[in-house]
Amino acid sequence: MNERPVRDFDFHGAALDTIFDTYKELRENCPVGWSDHYGGFWFLAKNEDIFNAEQDWATFSVAPSMLLPAFGTDEPMIPIDIDPPVHSAYRKLLLPLFTPRAVDDLTPFVEQTARDLADEVGKSDIADIGLGYARPLPSIIFCTLVGYPQEDWYLFDEWVDRIIYGRDVNPAESEKAGNEVREYLWALVEKRRQEPPKDDITGRLITAVIDGRPITDEEILNYAYLLFVAGLDTTAWAIRSSLWYLARNPEDQERLRRDPELISSAVEEFLRTLSPVQAMARTATKDVEVGGCPIKQGDRVVLAFGSGNRDEEAYANPDEIVIDREQNRHFAFGVGIHRCLGSNLGRREVIVAVRELLDRLPPFEAVNLDEPWHGVGPLTVRFKREA
Amino acid sequence: MRVEVDSSKCQGHNRCMIFAPDVFEVDDYGFATVRADGEIPPEQIEAVKHAVVNCPELAIIVRED
Ligand code: HEM
Ligand code: SF4
């Protein structure tokens, strides 16, 4: 077959408002197709096709970048834009800092930070728990984890807005912000080199040995930059979208208050259905056919994780949010060799954020029903205090 | 019933250890192995089934023998 079924498919900005309907239509009528956005790309909308492409990294390369459009830089980000064999050496460098045990050690700090933020937003009856809670939490944790001054956390959020959420409308501004971040990160690396060694992310990066040779300055920077764009808004979005759902579904909110044990499976379900990373891109290294479509060497291929996460063939009642769903293998963190390095941490942060907010503050409901499910913007709620 | 982890598929996402901590363990990098000899005690069967259906890489194999 030589067909190229075309759809006006986008997965950023306003397209997200109705993207779950779009996915459904695609899965039914055009599970593999072509979109002209961002220079043109194939998209895969079925769970199984996405899984298979992720496993076949030799055919679906991450070069030049997994991000479409780019994240304020042309440099390959490490490890996300790197193929095997080098990829695993980069990954191994930081893996020990992201195991469940490592995340357990960090959890008391996550909890304390969440409590402080919750108490702050809980002071008024109407509050923006997007900007006041979902966003600062991951940024504060991130600063500590990487070894940046904690009081700088709000700088990171501003950069994220310009780099990630501005890139589809203003690429030049996105790139400028990217350069500012790199300068900031570099100054910290230089500073750390003068200080006594410490076993945190930056400490491991600056002393790393890759395949028997010392890591280069560019590599350090490209790794640190990736962590910054990968770990902040994703987690903030996941916290916000979980709370967005709970603010609109009082029965489920009440159920989690009564039975906090359910919070971890509920968070898994929010990740599946309202995930921050709706899609990631690859590049075909050779001609390949998927679902009868002729993908050519060099074509960009978008793996629509968000669609795979709602595939009727993979889940019962896929569009329903079932907070005690037991079988929940999903793509919120991707799959295969590039699956999220920070998944244990990201997941833990979302669980703690939901638990502490429910634990410390009275039932809350959405005030502004126009606020979308996606992004890291405002989430306005009213706390219902006993009279 | 016996369980094993296919180390060529496991990417170290640690879901197995969350669902069945008495059956699986992970090394310093997060990659999973099965504790002891892989025989699943009856009271762990449910937990292992949970791990199987939630492992992102389909890396956990259960054999009925
Ligand atoms: C809930 C929060 C998060 C979500 C939903 C998320 C999602 C993702 C996704 C979808 C990928 C791409 C996987 C693929 O293409 O198969 C990824 C990669 C990555 N993420 Fe996350 N992420 C989150 C939090 C974090 C955190 C907190 C960090 C670290 C501080 C982090 C670090 C990374 C890194 C380093 C990669 C690249 C891994 C590689 O290429 O081998 N992420 N993440
Ligand atoms: S859940 Fe699967 S991929 Fe993750 S550590 Fe366990 S066996 Fe490995």
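The values are calculated or read from the model by the stated rules, or taken from the named source; none is laboratory data. This structure is a prediction, so every number in the text was calculated from the model and none was measured. For neighbour counting, all protein chains shown are included, and Cβ atoms are generated from backbone atoms with ideal geometry for every residue, glycine included. Only protein heavy atoms, including side chains, enter the accessible area calculation; ligands, DNA and RNA are left aside. Shrake-Rupley method; radii C 1.70, N 1.55, O 1.52, S 1.80 Å.
Structure notes:
- Scanning the stretch B:28-39 for residues that are open to solvent by less than 70 Å² (accessible area, probe 1.4 Å) and either acidic (Asp, Glu) or within 14 Å of chain A (Cβ to nearest Cβ) (or both) turns up B:Gly30, B:Phe31, B:Ala32.
- For A:Met66: the one exception among (1) buried (at least 17 other Cβ atoms within 10 Å of the Cβ); (2) more than 26 Å from A:Ile163 (Cβ to Cβ): (2)
- Residues considered: A:Pro79, A:Pro96. Of these, the only one that is within 14 Å of chain B (Cβ to nearest Cβ) and touching a residue at least 60 places away in the same chain (Cβ under 8 Å) is A:Pro79.
- Criterion violated by A:Pro260 - all others in (1) open to solvent by 10 Å² or more (accessible area, probe 1.4 Å); (2) within 15 Å of ligand 1 (Cβ to nearest atom) satisfied: (2)
- The stretch B:1-53, residues that are within 8 Å of ligand 2 (Cβ to nearest atom), out of contact with any His (no Cβ under 9 Å at 6 or more places or on another chain) and on the phi > 0 side of the Ramachandran plot: B:Gly12, B:Asn14
- Of all residues in the stretch B:41-65 being under 10 Å from the mean Cα position of the chain (by Cα) and assigned to a loop (DSSP other than H, G, I, E, B), the one that is farthest from the other protein chains (Cβ to nearest Cβ): B:Ala59
- Meets criteria (hydroxyl-bearing (Ser, Thr, Tyr), within 14 Å of ligand 1 (Cβ to nearest atom), open to solvent by 10 Å² or more (accessible area, probe 1.4 Å) and assigned to a helix (DSSP H, G or I)) for A:Thr234: yes
- Selection count where residues are under 20 Å from A:Glu312 (Cα atoms) and either touching a His at 6+ places or on another chain (Cβ under 9 Å) or open to solvent by 80 Å² or more (accessible area, probe 1.4 Å) (or both), scope the stretch A:25-36: 2
- Only one of the numbered conditions (1) more than 22 Å from A:Tyr184 (Cα to Cα); (2) not in a helix (DSSP H, G or I) is violated by A:Ala89, and that is (2).
- Qualifying positions in the stretch B:11-27 - touching a residue at least 12 places away in the same chain (Cβ under 8 Å), assigned to a loop (DSSP other than H, G, I, E, B) and within 11 Å of another protein chain (Cβ to nearest Cβ): B:Gln11, B:Gly12, B:His13, B:Asn14
- Residue that is at positive phi and within 16 Å of ligand 2 (Cβ to nearest atom), where the choices are A:Gly346, A:Gly334, A:Gly342: A:Gly334
- Some residue of the stretch A:102-111 being within 14 Å of chain B (Cβ to nearest Cβ), under 18 Å from the mean Cα position of the chain (by Cα) and either at pLDDT 95 or above or crowded, with 17+ Cβ neighbours inside 10 Å (or both): yes
- Selection status of A:Phe51, surrounded by 16 or more Cβ atoms within 10 Å (Cβ to Cβ), among the aromatic types (Phe, Trp, Tyr) and not in a helix (DSSP H, G or I): no
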